[in-house]
There are 2 protein chains.
Amino acid sequence: MEYKFSDRVQTLKPSAIREIFKYAADPTVVSLSAGNPSPDAFPAKEIAEISAKVLAENPISVLQYSVTEGYTPLRRHLTEYMKKKHNTGSDNDDILITTGAQQIMDLCTKALVNEGEVVICEAPSFIGSLNTFRSYNARLVGVTVEHDGMNTDELEQALIDNPNAKLIYTIPNFQNPSGVTMSLEKRRKVYELAVKYGVLIIEDNPYGDLRYSGENLPNIKSFDTEGAVIYAGSFSKVISPGMRVAYTIAPKPIFQKLVVCKQGNDVHTNIWSQYVCDEFITKYDFDAHLDRLRAIYTQKARFCMELLDKYCAPKITYHKIDGGLFIWCDLPEYVDMPEFCKTAVLNKVCVVPGNAFLTDEKETCHSFRINFSTPTDEQLERGIKILGELAKNL
Amino acid sequence: MEYKFSDRVQTLKPSAIREIFKYAADPTVVSLSAGNPSPDAFPAKEIAEISAKVLAENPISVLQYSVTEGYTPLRRHLTEYMKKKHNTGSDNDDILITTGAQQIMDLCTKALVNEGEVVICEAPSFIGSLNTFRSYNARLVGVTVEHDGMNTDELEQALIDNPNAKLIYTIPNFQNPSGVTMSLEKRRKVYELAVKYGVLIIEDNPYGDLRYSGENLPNIKSFDTEGAVIYAGSFSKVISPGMRVAYTIAPKPIFQKLVVCKQGNDVHTNIWSQYVCDEFITKYDFDAHLDRLRAIYTQKARFCMELLDKYCAPKITYHKIDGGLFIWCDLPEYVDMPEFCKTAVLNKVCVVPGNAFLTDEKETCHSFRINFSTPTDEQLERGIKILGELAKNL
């Protein structure tokens, strides 16, 4: 047989970055390239308790088919929690439980973006979402991320230049990969531009609960009187990514289309894990759990920045972060970044070259991304020491 | 905001059938319209045992991010099992774990079918899969299901008439909704035609293990020397649908594209449930469990057919089944089927009108589908008695 794939999939090229990741499987290589929660961050004992309880009390409901929208108590509790704690979501919205937040990107692109239409992204941005947009043959237009978020002049120009733009994709808190948090002023401006040009925002907020310093800023969705924002939340970073439970708060007409698309995608999200998340956020002290996570990651983030100061300055500079799991590091402009990352991995430390996160990964980029949540302190020190030595020799 | 949805989603019309299902939520209505496993069929005790064990032994691996392809031991065990027991899968294939078999339909359509290209389906066929194909703006072409499976002359004509056909979708065992099992001769013929015209087959086999009479027939995939068959298997009917764990055995080049599409869809399937399925099929007596399920459903299927004989003959006739969860019933040609089903639900029994399963649900159809796995025996008797009374008055 000769195989002929669809046009949308033919445009998906295997990433050049993957070659580098192959080396990361070598157990002697320190991986600073992942984005996994720390092994210390899982409430494993509580999950085991809850699981035993729900399987004993409701075995059939936990194992049977369920509804596409998601487990009703979980939807109700999340709606209340997000409204009360973050002023996020209104009577014009509804909430859909999804199989990870990646599925939100998939369903939104499917429901809203024709092939060839534009998704405006931050540059750099989360590679997983960019690849989902690409998988529907959407065209990506990047807007520069500054120290306080998207350049909003560039955003407006992109909206003017691309009347077929359908979505603006942003991670306002501790952005992956840049670590940048969007200022309140820019949050308001991005929202205002979205409404002005009639283009929906996807506000992706996986790290919002992981703030280590500074004040919480309101979600863009909290301004959303016009129904212009699709909010994406997730339990992956605060309970468990292996369970694949996330949620989107979206204007009702969009919610309804997302439900139809999800029905054809995976019918519903693993219901057992939905029960577990619901019990965990309602019957346990979820806020105390989040405090514990913040304590773990605050320590790791500070330690990582200290190591960068100690071993890598002045050749490698970095952007101080207030939260999240990533630190964005810069090298001098004359450095070939993919080459540097390749040398690094051959020297047993794996980081991700910044160009992987651009809308066109062939563009030049003088930064790389470090993740500090997954490695142990010992691994972090070993890895960053190697990076420092390599930088000295540049 | 004014919302403009993608072309592919605008073609997704809310089904007329949904109106009928709304009544099925009424607890006084006997639902014979679902497709859920019997509440007696879940190995809930074993699942609780396994879950406690894997969470105690491997909490991090069970809760952490995992690989898109699926849990490696589960992939290996399934590959061995399917090869040994069903001669299904070869060195030219690879196996991908998916979030239910619905996701296999989604990924295959995404990877293989451009908008406007054709998917050839059995008529009638499983509504969930049809809706997934539709959600990518594929054009559906139906081929009549006879007592021994697809009319293969019609299939060949459809292949000639539609040079842009990309997939042939079939459920060869105890088809949903018709209950029909495709003969060995037709399995070979369908395979031969697929190879001749260079069109891939999706062989969807959720019910294959649920045979109550007659001899097992080889899977179409067992003939697949040319790499023309994508096999879809699932744990939904034999362990638990709520866990959403299924698998596809596909030629390697297709497997690779499906992996890329799945990465952008939900990253990976709930890994906890993958561990549970793996332990259940390897550490427990899976064959004895399947025997137990067959015993449960054989009793229910026979009881359902007896009730149809007792209460519904001669106005309602039905097709004897050898397995699966559904019985296809015929009414006299002068009956308006959607109207009959609407009357039925107002009389407290819900069945699905056959036209819901056609490529165009506005076509006439004189059949309806009964599910016997979900209701209790008492509910089955009550429901079928009502149907018989309604039929008498036609």
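The values are calculated or read from the model by the stated rules, or taken from the named source; none is laboratory data. No experiment lies behind these values; they were computed from the predicted model shown. Here the Cβ is made from the backbone with ideal geometry for all residues, glycine too, and neighbour counts use every protein chain on show.
Details
- In this entry, B:L325 passes the filter for residues that are over 22 Å from B:K392 (Cα atoms) and either surrounded by 15 or more Cβ atoms within 10 Å (Cβ to Cβ) or within 20 Å of the chain's Cα centre (by Cα) (or both).
- A:V267 meets all of the listed conditions (1) buried (at least 24 other Cβ atoms within 10 Å of the Cβ); (2) within 11 Å of chain B (Cβ to nearest Cβ); (3) closer than 16 Å to A:K110 by Cα but one, namely (1).
- Subset of segment B:342-381 (residues that are within 17 Å of the chain's Cα centre (by Cα) and over 24 Å from B:G142 (Cβ atoms)): B:F372, B:S373, B:T374
- If the condition is being in a helix (DSSP H, G or I) and not acidic (D, E), then segment B:149-180 contributes B:T152, B:L155, B:Q157, B:A158, B:L159, B:I160.
- Verdict on A:G149 being on the phi > 0 side of the Ramachandran plot and within 20 Å of the chain's Cα centre (by Cα): yes
- Number of residues in segment B:83-121 that are more than 8 Å from every other protein chain (Cβ to nearest Cβ) and at positive phi equals 3.
- Every residue from segment B:343-378 that is aromatic (F, W, Y) and farther than 17 Å from B:E389 by Cβ: B:F357, B:F372
- Here B:V267 fits the description: closer than 27 Å to A:F42 by Cα and in contact with a helix residue (DSSP H, G or I) (Cβ under 9 Å, 6 or more places away or on another chain).
- Verdict on B:I239 being surrounded by 18 or more Cβ atoms within 10 Å (Cβ to Cβ), in contact with a Lys or Arg (Cβ under 8 Å, 6 or more places away or on another chain), modelled with pLDDT of 95 or more and not aromatic (F, W, Y): no
- Which listed residue is in contact with a helix residue (DSSP H, G or I) (Cβ under 9 Å, 6 or more places away or on another chain) and within 8 Å of another protein chain (Cβ to nearest Cβ), from A:V260, A:V190: A:V260
- From B:L78, B:L55, residue being crowded, with 19+ Cβ neighbours inside 10 Å, modelled with pLDDT of 95 or more and in the same structural domain as B:Y136 (by TED's automatic domain parsing): B:L78
- Checking the stated criteria, B:V141 turns out not to satisfy the condition of being closer than 28 Å to B:G214 by Cβ and of a type in the set (V, I, T).
- Looking only at segment A:26-48, and only at residues there that are at the interface with chain B (Cβ under 10 Å from one of its Cβ atoms) and either touching a strand residue (DSSP E or B) at 6+ places or on another chain (Cβ under 6 Å) or surrounded by fewer than 17 Cβ atoms within 10 Å (Cβ to Cβ) (or both), the one that is modelled with the highest pLDDT: A:K45
- Filter result (over 13 Å from the mean Cα position of the chain (by Cα) and under 19 Å from A:Q263 (Cα atoms)) within segment B:224-243: B:S240, B:G242, B:M243
- For segment B:231-254, the tally of residues that are within 11 Å of chain A (Cβ to nearest Cβ) and closer than 20 Å to A:K4 by Cα stands at 5.
- Looking only at segment A:127-146, and only at residues there that are of a type outside the set (S, T, Y) and buried (at least 24 other Cβ atoms within 10 Å of the Cβ), the one that is nearest to the chain's Cα centre (by Cα): A:L130
- In segment B:187-207, residue farthest from B:N173 (Cα to Cα) [restricted to those that are within 17 Å of the chain's Cα centre (by Cα) and not in a loop (DSSP other than H, G, I, E, B)]: B:I201
- Total residues in segment A:145-169, condition of a type in the set (G, A, S), out of contact with any Phe, Trp or Tyr (no Cβ under 9 Å at 6 or more places or on another chain) and over 14 Å from A:Y191 (Cα atoms): 1
- Qualifying residues in segment B:310-319 (those that are in contact with a strand residue (DSSP E or B) (Cβ under 9 Å, 6 or more places away or on another chain) and modelled with pLDDT of 95 or more) - the one surrounded by the most Cβ atoms within 10 Å (Cβ to Cβ): B:I316
- B:V195 being crowded, with 21+ Cβ neighbours inside 10 Å and within 11 Å of another protein chain (Cβ to nearest Cβ): no
- Unique residue being under 26 Å from B:D26 (Cβ atoms) and at pLDDT below 95 when the list is B:E361, B:E389, B:E381: B:E361
- Restricting B:L210, B:L258, B:L217 to those that are assigned by TED's automatic domain parsing to the domain that holds B:I97, buried (at least 24 other Cβ atoms within 10 Å of the Cβ), within 20 Å of the chain's Cα centre (by Cα) and more than 16 Å from B:C108 (Cα to Cα) reduces the list to B:L210.
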